[in-house]
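Quick note: the coordinates plus some simple rules give every number you see, no bench work behind them. This structure is a prediction, so every number in the text was calculated from the model and none was measured. Because the Cβ atoms are built from the backbone with ideal geometry, glycine has one as well, and the counts that use them run over all protein chains shown.
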There are 4 protein chains.
Amino acid sequence: MKPQKIGSKQWVIPGGHIPFGTNGKEPEFTSHDRLSILNTSGKEADIELTIYYQDRDPDGPYPICVEAQRMKEVRFNDLIDPLAIPLDTPYACVLHSSVPVVVQFSRQDTRQSANAIATTMAFPVA
Amino acid sequence: MKPQKIGSKQWVIPGGHIPFGTNGKEPEFTSHDRLSILNTSGKEADIELTIYYQDRDPDGPYPICVEAQRMKEVRFNDLIDPLAIPLDTPYACVLHSSVPVVVQFSRQDTRQSANAIATTMAFPVA
Amino acid sequence: MKPQKIGSKQWVIPGGHIPFGTNGKEPEFTSHDRLSILNTSGKEADIELTIYYQDRDPDGPYPICVEAQRMKEVRFNDLIDPLAIPLDTPYACVLHSSVPVVVQFSRQDTRQSANAIATTMAFPVA
Amino acid sequence: MKPQKIGSKQWVIPGGHIPFGTNGKEPEFTSHDRLSILNTSGKEADIELTIYYQDRDPDGPYPICVEAQRMKEVRFNDLIDPLAIPLDTPYACVLHSSVPVVVQFSRQDTRQSANAIATTMAFPVA
């Protein structure tokens, strides 16, 4: 398929919350929140995340780069610069991209004996 | 990131239903439904929830306040004024906000031996 | 809240598939697919479902009524007229309503030792 | 219901990732990602999938046909031509259809002792 611009340059995930505690081998069973970002365009996507909290100022930007015609999976657990996202803490995420992308949010929760999963498209800002 | 208005002033969750029964330590494993609300604007969001039922008149308003540039996680289990939302009972929720916000709905169900989770963006009213 | 028209008159769920088999007490742990429908208007919603299959003609209409200012939870397992929806069989659902409604789709799967759940907004037809 | 055109001709799933490992009898408990596609139109839908990866060029097209007034459930695990989609590997999917369709994405994860499920509507390209 030829490169094409699909999606939006801004996306929102209000419901971040990395589960605290893991059952099973790491890293595949580590409890985590993650983003999946698709860039179908012919240009690299320069992406910045801003993280919002309940009781303090937003943190960021967290830079992410997704090459042309590639997707990228990013665990929020792995975002440490400028500041690690604390576990078991509600947060929200706003994503800005230099080119249109499509974004999905997923969670894996292995705090109890068997894993639980959830997923939703992020909210695209028109 | 500078304050900006993102989202909608009205959101709908048709599929509320707090699971009845919990396995595991409270409050982290308590079965619950919850809202995650992000307010990226520079103004406080004055929010009101209305709760609809299968067989009686709607209840509300349930007031919620989300400060400028903050997110908030709210468990439906904790909404008690004007009236606690009954467990194991289907309900729906309409949210009105004084400024645009983005809203995600999630459920944790620990009625059986390991937890189950689900999430979806709420439905934005244009 | 005063009655108001929110949502769409037509909604689609492509991914129906009632899990076959149940662990736990019925009916609360019965594996099922379900709809949650919210009618915030001042008029009764006369709703018809059409069910699509992989290898035979669509079935329907399945009539559902949701009173003014009420929500309704409907298990697909309970739809038997004109024809019960078979278990463990892929199906899709198109919903038509006489007034705007909002629709969410959920699944409970208890085929194994602990339940799994999933939910998503249905797809609104403009 | 008479045939009608519902949905979009292009859909995106950024967050593909087939879980590696299965507990329980196959094929019903096999860990998998799947698409559910509804074609309510009066014409056959000729569909092509393109699969994107993190570190190599996109693969495709993967052809799928959905007859008029039918739905189809497709496991990504079963897509082998032109190339099987590797397990435990992040991927994204863009779907093109000759007629409007509606698309839902689901995952079943049975890597641990009880299954986990997740579902979301795919992202429709306007």
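Annotations for the structure displayed:
- In terms of its C-alpha gyration tensor, the protein assembly as shown has a rounded overall shape, because the principal axis ratio a/c (a ≥ b ≥ c, square roots of the eigenvalues) stays below 1.5.
- Peptides ranked, highest mean first, by Cβ atoms within 10 Å: ranges B:70-77, B:3-10: B:70-77, B:3-10
- Alpha carbon centroid spacing (whole Å) that separates the stretch D:41-104 from the stretch A:65-92: 28
- Linear extension gain, residue C:44 paired with residue C:126, 0.36 nm per residue minus alpha-carbon span: 27.4 nm
- Highest mean first, the peptides D:40-49, C:89-98, C:60-69 sorted by other C-beta atoms within 10 Å per residue fall in the order C:89-98, D:40-49, C:60-69.
- Entries of A:43/D:9; B:9/B:72; C:5/C:43; A:43/B:5; C:9/D:72 with Cα pairs more than 18 Å apart: A:43/D:9; A:43/B:5; C:9/D:72
- Average other protein chain Cβ within 10 Å of Cβ, residues D:103-109: 6
- Pairwise FRET efficiency - residue A:75 versus residue B:77, Cβ, R0 = 30 Å, nearest 0.05: 0.55
- Average partner coverage of D:46-59, which counts Cβ from other chains inside 10 Å: 3
- Projected label points at residue A:29 and residue D:98, each 7 Å from Cα along the beta carbon direction, are separated by 4.8 nanometres.
- Teacher prompt: residue D:80 distances to equivalent labels in other copies, 7 Å Cα→Cβ, nm: 4.2, 4.2, 6.0
- Residue mean of other protein chain beta carbons inside 10 Å, B:38-44: 3
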